[in-house]
Each structure stands twice: as C-alpha cells, then as structure tokens.
Amino acid sequence: MIEKFRTLFTVKSSLISLYLALTIPIPFFAIDKLKILSIVSFTLGLYLIINITNDYVEICDDKISYKTSFISRILGKKSWEIIWKDIQSIKSLPTSQGSNVYYFNTKKGENFLVPQRVENFKKFILIVSKRTDISINQISYLSPLWTYKLLTLISSLMIVGEIFFLKIKYYQY
C-alpha cells in the first residue's frame, strides 16, 4: 500500500499568495514595449511557483520516496528514495531561525532531508518511527503553521490593496 503526503496547503498558499502580491503590479506599471513580456513572465513565474510546490512524499512497505517535479529538478531539488532498513539514524541540526531540521542518515553515510512541511505530519512521523524503529517524538513542523497562515493573510491584504489602488489609478484617467 502506497501513501502520499503532499506539501501542506498552508505552505503552498503562502508561497503562491506572496508571489502574486509581489508581482501583480508589474504588468500594470511596465512600459508599453515590455507589457507583453511582463505578462508572459508573470504567467511563467506563477506556473513555476505552483509547479515547485507540488513535491510530495510516498511511503510504502519497503521504502520512503521524495518526489519532485521536472521543474524542481531543473532548479536543483532532487528526488530521492531510501529503503527503510538502510536508515541508520535521524540527525537534528539547528537552523538560524531557532528551529531544527532533520536528516535521514543511511548506512552508506548519505543524508536526506526529512520533509517537515507535509500534510498529515503526525501520521507521517508515526509511520517513519514504526518503519525505522527510531523514536522521533521531537520532530515537528519546520515553522509553526501560524506563520504560513499569517504570510498568506498579509499577502492577500497586499493583493487587495494593489487591486484597489490600481482600480483608483485607472479610473482617474
């Protein structure tokens, strides 16, 4: 039986809304010669950000796999898979923001980042713990979920403000 753990919706929505908040005004303020290029670039960027947030984890009886999209691989984010019995330990390393990231350490000395932004994270961690016989109670989301929700809210407010001011600007002329 294969189980998929997709990227958290709050993570995806925060990244997409931030992209939109930062780029929506560009086509409106571009000079006439660059309008089409700015619209094409905006659309391409939106496609890329949606595409790279579609990475996911697959778990089955034999292995754990991290699957990335073609675009993610082009940008340097690699897919990987590890057979459960090859996982020797799970290492913890602090981040500069005060949280921790975790790595699967294999018997071959390879290290693979433990995905910490997946849906059903508690279930994911429980399966990993059962399959590896490693206690991993301390592992949690990389950042508290409220930070993603706050970023989505702020980005959405920026988008509403931009649309409001763009509407005012175009009604004045």
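For Gln138, only one of the following conditions fails: (1) at pLDDT 90 or above; (2) more than 17 Å from the chain's Cα centre (by Cα); (3) part of a loop (DSSP other than H, G, I, E, B). What is its number? Going through (1) at pLDDT 90 or above; (2) more than 17 Å from the chain's Cα centre (by Cα); (3) part of a loop (DSSP other than H, G, I, E, B) one by one, Gln138 breaks only (1).
Here Gln88, Gln97, Gln116 are screened, and the one residue that is buried (at least 18 other Cβ atoms within 10 Å of the Cβ) and polar (S, T, N, Q) is Gln116.
Would you point out the residue of segment 136-152, among those that are out of contact with any strand residue (DSSP E or B) (no Cβ under 9 Å at 6 or more places or on another chain) and polar (S, T, N, Q), that is surrounded by the fewest Cβ atoms within 10 Å (Cβ to Cβ)? Among residues in segment 136-152 that are out of contact with any strand residue (DSSP E or B) (no Cβ under 9 Å at 6 or more places or on another chain) and polar (S, T, N, Q), the one surrounded by the fewest Cβ atoms within 10 Å (Cβ to Cβ) is Asn137.
Once segment 14-24 is narrowed to residues that are in contact (Cβ under 8 Å) with a residue 60 or more places away in the chain and surrounded by 18 or more Cβ atoms within 10 Å (Cβ to Cβ), the residue that is nearest to Asn120 (Cα to Cα) is Ser14. Criterion applied to Thr53, Thr132, Thr68, Thr43 was being of a type in the set (Ser, Thr, Tyr), within 25 Å of Ala21 (Cα to Cα) and crowded, with 16+ Cβ neighbours inside 10 Å, and the one residue passing it is Thr53. Pairs linking a residue in segment 39-53 that is in contact (Cβ under 8 Å) with a residue 40 or more places away in the chain to a residue that is of a type in the set (Ser, Thr, Tyr), with Cβ atoms under 8 Å and 6 or more positions apart or on different chains, are Thr53/Thr7.
The values are calculated or read from the model by the stated rules, or taken from the named source; none is laboratory data. These numbers come from a predicted model, not from an experiment. No Cβ is skipped: glycine too gets one built from the backbone with ideal geometry, and neighbour counts run over all protein chains shown.
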